[in-house]
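A short worksheet on the structure shown next.
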Amino acid sequence: MPFQELINNASEKLANADRLVVLTGAGVSAESGIATFRDAMQGLWAKFNPEELASPSGFRRDPKLVWEWYEERRSNVARNRPNPAHYALAELEKIFLSSNRKFTLVTQNVDGFHMQAGSNNVLELHGNIVKNRCFREDRLLSDAEIERETVPPKCKHCGSYVRPGVVWFGENLPQDTLSEAFEKAEKADYCLVIGTSGLVQPAASIPVVARQSGAFVVEINSLESAITPISHIFLQGKAGETLPQIVTEIKKY
Ligand code: NAD
């Protein structure tokens, strides 16, 4: 089927949907200049494996190395901006809410770009790279609670190291956020999956649960992924080009 026809079909169904769940992955931020996880391991960091840099044991072994890797990723996020895919999703949220329909955006991304683009109801499954947590007490810390004389800096309350506010390999996802995401997936009648390889669990099960519960599943990805076989429509293309086309189409209904 021609691509435009697939867009039209996906948009028509979306225009008639009542409960939308969107799942986004690193591909949504690729056009903003944020590397996907695999790309982020390139260059200077190519000799390390992710478990060494993004895990509690890696942080215990070499806190300075891990902190500096995250500082580089944080400065990359600070230098970059949301792209048309993020803005299209923020617009879609407004369209749904203004017509009293349900909209939930679940993201695996840690860059905060969905909120920057104006999305309000975002479930961040893997945390946020801009935030800081106390390594020992595992709670969020404000800037005022951080002593910045060492690398990594230290928690002013307990003297333990500060860590980035993301979920690492081997750690549990925030349970309330995860439960809410699955609850919304079970109730959804439409699930839009964008820029994720569908390999990281439990996030990858969200579209599976939505489909099993009767939702219509549409995927946008530049390449086929583990989600493609369960999608009703696969839109092969860049998120920053395809999503704005869908938003333009549904405004016609
Ligand atoms: P992934 O890196 O495993 O997969 C990225 C997917 O995006 C691929 O399927 C790729 O084909 C697709 N893609 C690439 N460019 C695209 C584009 N322009 N338009 C549409 N699709 C595109 O990412 P994942 O599935 O999100 O899982 C990786 C993990 O790494 C997640 O847990 C996430 O938390 C973390 N991560 C987050 C960020 C971020 O916050 N921006 C960046 C890197 C990694």
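The values are calculated or read from the model by the stated rules, or taken from the named source; none is laboratory data. Please read all numbers here as calculations on a predicted model, not as lab measurements. Because the Cβ atoms are built from the backbone with ideal geometry, glycine has one as well, and the counts that use them run over all protein chains shown.
Counting only strands (runs of 3 or more DSSP E) wholly contained in the range 172-253, the ones carrying 2 or more residues that are away from the ligand (no atom under 13 Å from the Cβ) occupy 190-194, 216-221.
Of the residues making up the range 59-113, those that are of a type in the set (S, T, N, Q), more than 24 Å from Gly198 (Cβ to Cβ) and within 12 Å of the ligand (Cβ to nearest atom) are Asn76, Asn80. Counting only strands (runs of 3 or more DSSP E) that fall entirely inside the range 49-144 and contain at least 1 residues that are more than 16 Å from Val21 (Cα to Cα), the qualifying elements are 127-134. Once the range 145-171 is narrowed to residues that are assigned to a loop (DSSP other than H, G, I, E, B) and among the acidic types (Asp, Glu), the residue that is surrounded by the most Cβ atoms within 10 Å (Cβ to Cβ) is Glu171.
If you go through the range 221-242 and keep only what is closer than 26 Å to Pro174 by Cβ and in contact (Cβ under 8 Å) with a residue 24 or more places away in the chain, you end up with Asn221, Ser225, Ala226, Ile227, Ala239. When Phe216 is tested against the conditions (1) touching a Phe, Trp or Tyr at 6+ places or on another chain (Cβ under 7 Å); (2) more than 17 Å from Ala181 (Cα to Cα); (3) of a type outside the set (A, V, I, L, M), the lone failure is (2).
Residues in the range 10-45 that are modelled with pLDDT under 95 and in a helix (DSSP H, G or I): Phe37, Arg38, Asp39, Ala40, Gly43, Leu44, Trp45.
The sole residue among Ala54, Ala15 that is touching a residue at least 24 places away in the same chain (Cβ under 8 Å), touching a helix residue (DSSP H, G or I) at 6+ places or on another chain (Cβ under 8 Å) and more than 30 Å from Ala188 (Cα to Cα) is Ala54. Of all the residues in the range 160-184, those that are touching a residue at least 12 places away in the same chain (Cβ under 8 Å) and closer than 22 Å to Val66 by Cα number 14.
Out of the residues in the range 116-138 that are surrounded by fewer than 18 Cβ atoms within 10 Å (Cβ to Cβ) and either within 14 Å of the ligand (Cβ to nearest atom) or aliphatic (A, V, I, L, M) (or both), state the one that is farthest from Ser29 (Cα to Cα). That would be Lys131.
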